[in-house]
Amino acid sequence: VHEQEDDPTRFADMVNPESNLVAKLGILAIELDEKVADLLPDLRHDYGLVVAARTANAPYSGTELETGDVIYEMNNVPTLSIKGVRDALDLLKMGDAVVLQVERNGHLMYLALELE
């Protein structure tokens, strides 16, 4: 078995479900550090959260996050840590909108989500 460098599922082995879960986004995330950045060359920023895995059903409506996405901002605030994102999401209630700035396959985009 040979791991492909562009295989986004390679991040799944780098997470601990207890410490990497962002339940309100339905993802397991990894904080972007030097080791992870080496696996994702040519990123626009040196910070963010990498989506390592997703839950079966997203707990929001809108365009779904994909494995390998890098989340740079949530509601115009840089995503520097998993704890910071969880804390910010905990302040929101069902029906609130969340806008994520995401890099996917080299393209920068905004995803608008509504928490369920």
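Using a cutoff of 8 angstrom between alpha carbon atoms and counting only pairs six or more residues apart, the relative contact order for the chain works out to 24 percent. Surface composition of the chain: carbon and sulfur atoms hold 50% of the protein heavy-atom accessible area at a 1.4 Å probe.
For Cα extents along the principal axes in Å, computed directly from the structure shown, the correct entry in (1) 43, 26, 23; (2) 46, 34, 29; (3) 39, 27, 24 is (1).
Rounded to the nearest 500, the 222 nm mean residue ellipticity of the chain from helices alone is -4000 deg cm²/dmol, with -39,500 (n - 2.57) taken per DSSP H run of at least 4 residues. The modelled label-to-label distance between residue 76 and residue 35, using points 7 Å beyond Cα along the C-beta direction, is 3.6 nm.
The values are calculated or read from the model by the stated rules, or taken from the named source; none is laboratory data. On a predicted model such as this, the values are computed, not experimentally measured, just so you know. Cβ atoms come from the backbone with ideal geometry, glycine included; neighbour counts cover every protein chain shown. These accessible areas exclude ligands, DNA and RNA; they are computed on the full protein's heavy atoms, side chains included. Shrake-Rupley method; radii C 1.70, N 1.55, O 1.52, S 1.80 Å.
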